[in-house]
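Here is the structure we will look at, set down as structure tokens.
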Amino acid sequence: MAFSLRKSSGHGVTGLDIDSDYLAAVQVSGGRVVRGVSRELPDGVVRDGEVVDGLALSEELRGFVREAGLPREVRLGVTNQQIVVRVIALPRIDDERQRDAAVRFQAAEAIAMPLGEAVLDYQVAGHEPAADGTQNMQVVVVAARRTMIEGLLHATKTAGLKAEGIDLDAFALVRMLATGGHGTDDTARVFCHLGGVTNLAVAVGATCFFTRPLASSSDSPDSGALLADEIRLSIDYYMTQARARPIDEVVLSGPGSSDAALVDDLGAHLGLPVIVAEPLGRIDASALSAGEDPHRFTVAAGLSLGAAA
């Protein structure tokens with residue numbers, strides 16, 4: 001199947017977050033969690049967001065789905081170093097085929113990855129007036145290494161699952177947590193998910209314009225200072241983009257966000273407001289069992305919603 005960030009045709013599809021530390025599956029329908037389950041993932045199966053042992057992952061997924069009674073159709077998320085996100089500007093093109101051709105031509109220069117080795121998708125993030133009175137498009141382009149995507153799909157298919165779509169974890173994160181009523185288009189927010197993979201996204205409103213996995217772990221020595229350095233470097237890189245917006249706060253999620261000392265440490269080092277998000281945003285999470293950590297389900301719930309960020 002093709003890599004796609006487009007809206008899933010299914011309703012209430014199960015979002016499956018394959019974190020380096022755990023599996024988390026959520027089905028959201030009608031503004032509430034219908035089902036949410038998680039399971040520890042053994043070391044060495046997934047590392048830094050990439051499948052290391054496809055056979056072991058298939059076995060883990062097969063057991064997870066069977067024991068939890070999950071449906072076979074899932075929407076997958078990805079985050080690792082083999083994904084590139086860039087924002088490009090183009091004259092407004094309403095014809096879809098011409099727009100696709102123009103985006104691919106521009107992406108070939110903007111993305112340091114041969115397009116023949118990548119799967120690519122894009123979203124038009126908005127329009128703005130050009131100097132000549134016409135309009136330009138802001139286009140968020142995503143390219144992922146084909147072999148990485150194929151490895152993930154093979155592992156899930158071998159487990160007996162059907163991937164209804166593949167999305168970026170960062171887009172699912174923003175989709176869940178960038179709720180209405182905050183700020184304006186004049187500012188941006190940093191979303192940082194502290195799981196087995198530390199994933200950062202910068203968004204204006206509900207649109208993600210920058211993302212990268214971070215090297216620092218929330219449980220490493222001096223984690224607050226190290227993570228703050230990574231976040232600051234990411235902010236500095238984002239600010240070099242055309243039409244970048246100043247950052248007004250950092251929003252934390254994921255299991256690591258439960259560490260109050262880490263949250264305080266990040267705020268002190270970054271000099272920005274640092275808040276911990278409600279794990280499921282505005283979604284009713286009362287169906288989660290008492291033994292589940294709701295912080296594990298943020299990305300999976302965003303995948304379940306399945307709308308383009």
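Quick one: length gained pulling Asp43 to His154 fully straight, 0.36 nm per residue minus the C-alpha distance? Don't jump to the answer; show the numbers that get you there.
On the way: separation 111, 0.36 × 111 = 39.96 nm, distance 1.99 nm.
Full extension of this stretch gives 38.0 nm more.
Order of Tyr237, Tyr122 from fewest to most other C-beta atoms within 10 Å? All intermediate terms of the calculation are to be shown ahead of the outcome.
Details: Tyr237 13, Tyr122 21.
Listing Tyr237, Tyr122 from fewest to most nearby Cβ atoms yields Tyr237, Tyr122.
I need the calculated FRET efficiency for the pair Ala206 and Glu292, taking r as the beta carbon distance and R₀ as 22 Å, to the nearest 0.05.
Details: r = 26 Å, r/R0 = 1.20.
Computed FRET efficiency for Ala206 and Glu292 comes out at 0.25.
For each of Lys157, Lys162, count neighbouring Cβ atoms within 10 Å of the residue's Cβ, then give the residues from fewest to most.
Going from sparsest to densest Cβ surroundings: Lys162, Lys157.
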Debye intensity ratio I(q)/I(0), log10, the chain, q values 0.09, 0.13 Å⁻¹ (C-alpha model): -0.43, -0.92
Length added when fully stretched, Asp284-Ser29, from 0.36 nm per residue minus Cα-Cα: 90.8 nm
Point-charge dipole on Cβ atoms (K/R +1, D/E -1) for the stretch 142-299, about Cα centre, debye to 20: 700
Qualifying trypsin sites (Lys or Arg not before Pro) for the stretch 191-291 [loop in DSSP, other Cβ within 10 Å: at most 14]: Arg243, Arg282
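Taking the Cα centre of the chain as origin, work out the dipole magnitude from +1 charges on Lys and Arg Cβ and -1 charges on Asp and Glu Cβ, in debye rounded to 20. Kindly include the intermediate steps, with their values, before the conclusion.
Working: 27 positive and 41 negative charges, 219 e Å.
Result for the chain is approximately 1060 debye, rounded to the nearest 20.
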Relative contact order (percent, whole number), the chain, Cα cutoff 8 Å, 6+ residue spacing: 25
Mean-position separation - Cα centroids, the stretch 268-307 and the stretch 67-133, in angstrom: 26
DSSP beta bridges in the chain [antiparallel fraction, %, rounded to 5]: 70
Computed lengthening from Asp95 to Ala131, 0.36 nm per intervening residue step minus Cα-Cα distance: 10.8 nm
Computed helical MRE - 222 nm, the chain, DSSP H runs ≥ 4 contributing -39500 (n - 2.57), nearest 500: -9000 deg cm²/dmol
Residue order, fewest to most beta carbons within 10 Å, for Leu233, Leu57: Leu233, Leu57
Residue-wise HN-Hα coupling along the stretch 102-108, computed from phi with Karplus coefficients 6.51, -1.76, 1.60 (Hz; x: Gly, Pro): 5, 5, 5, 5, 5, 5, 4
J(HN,Hα) series, the stretch 74-91, from Karplus relation 6.51 cos²θ - 1.76 cosθ + 1.60, nearest Hz, glycine and proline x: 9, 10, 8, x, 9, 7, 5, 6, 9, 10, 10, 10, 9, 10, 10, 10, 9, x
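Readers should treat all values here as calculations from the given coordinates under stated rules, not as data from a laboratory. Keep in mind the model is a prediction, meaning the values are calculated, not measured. Neighbour counts run over all protein chains shown; Cβ positions are idealised from the backbone, glycine included.
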